[in-house]
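Visitor: Could you have a look at this structure, given as structure tokens, before my questions?
The values are calculated or read from the model by the stated rules, or taken from the named source; none is laboratory data. Everything quoted here is computed from the prediction, not taken from an experiment. Cβ coordinates were reconstructed from backbone atoms using ideal geometry, including for glycine residues, and neighbour counts include every protein chain displayed.
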Amino acid sequence: MDAFEAIHSRHSQGKVKPDPVPRELIEKLLEAAVQAPNHYKVRPWRFVVLTGEGRSQLGDVMAASQRERHPEFTQEVFDKTRALPLRAPVVIAVGVDQPSEAKVLEIENVCAAAAAIENLLLAAQALSLGAKWRTGEWASDAKVKEFLSFESDQHVIGFVYIGYPEFVAEPAIRPSFEDRTVWMG
Ligand SMILES: Cc1cc2nc3c(=O)[nH]c(=O)nc-3n(C[C@H](O)[C@H](O)[C@H](O)COP(=O)(O)O)c2cc1C
């Protein structure tokens, strides 16, 4: 699959099979991710790969945090939250380092990590894996960050859910670039 085909055929695939994804393929995705551009070569991305029990532990932390913040919620809500990371056999949490030098900008580190996620999504597409970039309230949840060993000031910009697709989706028809583009010169 060439780059254009991967870009145009990529779509969020939320429905994936529970079958495990070989570590070798996950490493291929991460290898693609770290080819992203990053200013001052700071490599600001951090990945936490959750499979098997790791996903259940994340679910437990999410549900416990939600219970603390919303004790009024029903047990059914907490159970649903606990099961969220089990929607795919692999969940990769992506964090961003805070700049450690004055010349490095926080927004640029976030941009670089986002580019890494896009690389990862395109690589997944090229490998016929289904993937979906998710955030939700969990990305800024202090307890989730702590569980993932991120510092409290580190941004978590995504949880990428990955697995073998349940079905092949119709190609997405996306709006043109034209109304978002001005040509100068
Ligand atoms: C930063 C970011 C956060 C996202 N968070 C969520 C999310 O929490 N839940 C979700 O269903 N989709 C999430 N998405 C996926 C978008 O909803 C999805 O990309 C969009 O619907 C377009 O669909 P496509 O990826 O198939 O083109 C997120 C995407 C980005 C870039």
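Visitor: Going by the structure shown, is VAL21 part of a loop (DSSP other than H, G, I, E, B), modelled with pLDDT of 95 or more, within 20 Å of GLU166 (Cβ to Cβ) and of a type in the set (A, V, I, L, M, F, W, C)?
Guide: yes
Visitor: Would you call VAL77 more than 16 Å from the ligand (Cβ to nearest atom), farther than 19 Å from PHE159 by Cα, surrounded by 16 or more Cβ atoms within 10 Å (Cβ to Cβ) and at pLDDT 95 or above?
Guide: no
Visitor: Is there a residue in region 128-138 that is under 21 Å from GLY14 (Cβ atoms) and away from the ligand (no atom under 13 Å from the Cβ)?
Guide: yes
Visitor: Continuing with this model, one more query. Here are some residues: VAL48, VAL77, VAL61. Which one is in a strand (DSSP E or B), out of contact with any Cys (no Cβ under 6 Å at 6 or more places or on another chain) and not hydroxyl-bearing (Ser, Thr, Tyr)?
Guide: Sole residue among the options that is in a strand (DSSP E or B), out of contact with any Cys (no Cβ under 6 Å at 6 or more places or on another chain) and not hydroxyl-bearing (Ser, Thr, Tyr): VAL48.
Visitor: Pick from ILE26, ILE7: which is touching a residue at least 24 places away in the same chain (Cβ under 8 Å), away from the ligand (no atom under 16 Å from the Cβ) and assigned to a helix (DSSP H, G or I)?
Guide: ILE26
Visitor: Are there any pairs with C-beta distances below 8 angstrom linking a residue in region 127-142 that is more than 29 Å from GLU170 (Cα to Cα) to a residue that is within 8 Å of the ligand (Cβ to nearest atom) and among the β-branched types (Val, Ile, Thr), with the two at least 6 apart or on different chains, and if so which?
Guide: ALA139/ILE157
Visitor: Of all residues being surrounded by 21 or more Cβ atoms within 10 Å (Cβ to Cβ) and of a type in the set (A, V, I, L, M, F, W, C) in region 124-143, which is nearest to GLY95 (Cα to Cα)? Just the residue, please.
Guide: TRP138
Visitor: Here are GLU101, GLU108, GLU118: which of them is over 20 Å from GLU166 (Cβ atoms), more than 15 Å from the ligand (Cβ to nearest atom) and in a helix (DSSP H, G or I)?
Guide: GLU108 is the lone residue from the list that is over 20 Å from GLU166 (Cβ atoms), more than 15 Å from the ligand (Cβ to nearest atom) and in a helix (DSSP H, G or I).
Visitor: Which of the residues belonging to region 29-45 are part of a loop (DSSP other than H, G, I, E, B) and not aliphatic (A, V, I, L, M)?
Guide: Residues satisfying the conditions are GLN35, PRO37, ASN38, ARG43, PRO44.
Visitor: Taking the condition of being under 15 Å from the mean Cα position of the chain (by Cα) and closer than 19 Å to LYS17 by Cβ, how many residues in region 40-60 meet it?
Guide: The number of residues fulfilling the criteria is 4.
Visitor: If I filter region 29-36 for residues that are surrounded by 14 or more Cβ atoms within 10 Å (Cβ to Cβ) and either of a type in the set (Lys, Arg) or within 14 Å of the ligand (Cβ to nearest atom) (or both), do I get at least one hit?
Guide: The answer is no; no qualifying residue exists.
Visitor: Out of the residues in region 139-162 that are away from the ligand (no atom under 14 Å from the Cβ) and outside any loop (DSSP other than H, G, I, E, B), which is nearest to ILE117 (Cα to Cα)?
Guide: LYS145
Visitor: Starting from region 33-55, take each residue that is more than 15 Å from GLY158 (Cα to Cα) and list its partners that are among the acidic types (Asp, Glu) and part of a helix (DSSP H, G or I), counting only C-beta distances under 9 angstrom and pairs at least six apart or across chains.
Guide: Hits for this filter: ALA36/GLU118; ASN38/GLU108; HIS39/GLU108; TYR40/GLU108; VAL42/GLU108.
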